[in-house]
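One structure below.
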Amino acid sequence: MTLASLAAGRTEKPASIRFLQKVFSFPVMLAGLLVVLAVLTVRSRFDDPDMWWHLRTGQIIWTTHTIPATDLFSFTTGRHAYIAHEWLSQLLIYGAYRFGGYPGLMLWLCIFTSALLIGGYFLCSLYAENAKVGFLGALTIWLFATSGIAIRPQMVGYLLLVVELLLLHLGRTRNPRWFFAMPPLFALWVNCHGSFFLGLIVAGIFLFSSLFHFHRGSLVSPPWEPHRLRTLALALVLSIAAMFLNPIGVKQILYPLNTFLHQHIGLSEVYEWQPLQFGEPRGLASLAALGCIFLLVLVRRTELFWHELLWLALGIGAVVGHRRLVFVFGILAAPILSRLLSTFWERYNPEQDHPLPNGVFLAASLLIAFLAFPDQQALARQVEEKSPVKAVEFLKVHHLSGTMLNEYVYGGYLIWAAPEYPVFVDGRSDVFEQTGILAQFGRWATLQADPRQLLDQYKINFCLLARNSPMAFVLPLLHDWTVIYSDDHSIIAVRNGATSEPK
């Protein structure tokens, strides 16, 4: 035995010690901080109006073992054809509620938000080859993700976008067999959220950029090995084929395209689908992130890869079109920004790690996350602050009958809490735009038409409206309408003589 081998034997640590050092490492401690950040971010976000109809759809799928193919919730669309394109995410959301009620739903949101931030941290750390800078990348994702964190299927979709970027990076820099994880990813993604279409564009850009080989100043497109390029192309073809593994068929795949081509009212009138104004905080943050990237490239002569430039163009184009897609911009920009900042902070060295303080910080983080998690009462109060809880109780106690016209943002809660009252309209803008209801309701709600016309056309017996809506002030002025209920959030107005018991 040589002196070198003896020295190595003396310094080699037991497997249990090495395991504990990994568990209580600096990167794991930072991941714990991201869990705390996730919980503190979402603990007051139990208020998304679309959560309810997602929950109700998931319940129907759970109990009937079938995916709805027509509208089951409104009386205005005449059971129009409906594509439940997010059915798997909706099933997961209802599963969380079934096993935990409101806290189960909040736990679902905490888990997916934490997974998104930790996955983004892992992606940015690998991309920058620097675990410390990777944490800044995760914070960048968090900053832009706050625009859309909610109990909605998009949380699943954007987490899968992070996974896709990770697979593309591993396949490009390590083993090309990582690309073959993309087909099962897309088979899952297509059933969870329409952002799979965006993921397909991201992968297509990556493949397209790999066909070029040039070096123009700081813009670089490095050569690919033929085998790696062929593997990516095959994986992308298989990914397209995998998208047909859905219970609805080609309509499921084309749904995102249909949204952008044919749902003009929803895209122009619904707030989250409107263009982001760059004077808004997240608009300024987008410009700052973009400016920082190009400033680093110009001043430090750092290389910017061709596919990165195209991804940034995709992200900023998405933001210009729709403010909700600033979430996507953050996911695309964070790893690029992390790579360019990688030399600003010394790299993590496991040999210089301190497991004990890391373990203390990790334990403290998990304790804070536990204590910050809202209880049932706190979640119920959030629902009351944003939804017509008391108004719905009034409806049920007084047995109002007949057809109802409801506030747009109340539709989801009514679908869940009062399914015996079919809604006039709700957050599923696609089916209401296709049937013309959304246009009619929009003109009525914004006082662009005689209010009696819509009320008479659909033989409306009572209206449940937000207290601050324009029609809430107009209805009491009509001679045949009376407000019979009012609270800080809602009013109920009835047509005179239409308050009888249900048959």
Whole-Hz ³J(HN,Hα) from phi, Karplus 6.51 cos²θ - 1.76 cosθ + 1.60, for the stretch 399-405, glycine and proline x | 6, 4, 10, x, 7, 10, 10
Ascending count of other beta-carbon atoms within 10 Å, so fewest first, for 102, 410, 127 | 102, 127, 410
For the peptides 191-197, 249-255, 64-70, what is the packing order when you average, over each peptide's residues, the other Cβ atoms within 10 Å and list the highest mean first?
-> 191-197, 249-255, 64-70
Taking the chain as the reference, fit the longest principal axis to its C-alpha atoms, fit the long axis of helix 51-64 to the helix C-alpha atoms, and give the angle between the two in degrees, 0 to 90, nearest 10.
-> 90
Residue 212 versus residue 99, label points 7 Å from Cα toward the beta carbon: distance in nm?
-> 4.7
Counting other Cβ atoms within 10 Å, which GluC sites (Glu not before Pro) in the stretch 407-503 have at most 16 and lie in a DSSP loop?
-> 420
Measure nothing but the geometry: give the 0 to 90° angle between the long axis through the Cα atoms of 306-321 and the longest principal axis through the Cα atoms of the chain, rounded to 10°.
-> 20
Placing each pseudo-label 7 Å from Cα in the direction of the beta carbon, residue 320 and residue 378 end up separated by a distance in nanometres of 4.2
FRET efficiency (residue 344, residue 234; Cβ distance; R0 35 Å; to 0.05) is 0.35
Inter-part gap, Cα centre of the stretch 93-125 to Cα centre of the stretch 358-396, in whole angstrom, is 14
Angle between the Cα long axis of helix 226-242 and the longest principal axis of the chain, 0 to 90 degrees, nearest 10?
-> 20
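How much of the DSSP bridge set in the chain is antiparallel, in percent, rounded to the nearest 5? Don't jump to the answer; show the numbers that get you there.
Values: 14 of 21 bridges.
Close to 65 percent.
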Which order do 373, 432, 179, 112 fall in if you start with the one that has the fewest other Cβ atoms within 10 Å?
-> 373, 112, 179, 432
Before anything else, pin down the relative contact order of the chain: Cα pairs under 8 Å, at least 6 apart, normalised by residue count, whole percent.
-> 20
Cα gyration tensor shape of the stretch 114-266, rounded if a/c is under 1.5, else prolate or oblate by comparing a/b with b/c = oblate
Between residue 219 and residue 288, what FRET efficiency comes out of the Förster formula 1/(1 + (r/R0)^6) with R0 = 22 Å and r the beta carbon distance, rounded to 0.05?
-> 0.55
Using modelled amide H (1.01 Å from N, peptide plane; none on Pro or chain starts), what sits under 5 Å from the amide H of residue 75, excluding residues fewer than 5 places away?
-> 423
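Throughout, read-outs are computed from the coordinates displayed, never taken from laboratory work. Only a predicted model underlies this, so the values are computations on that prediction, with no experimental measurement involved. Cβ: placed from backbone, ideal geometry, glycine included. Neighbour counts: every protein chain shown.
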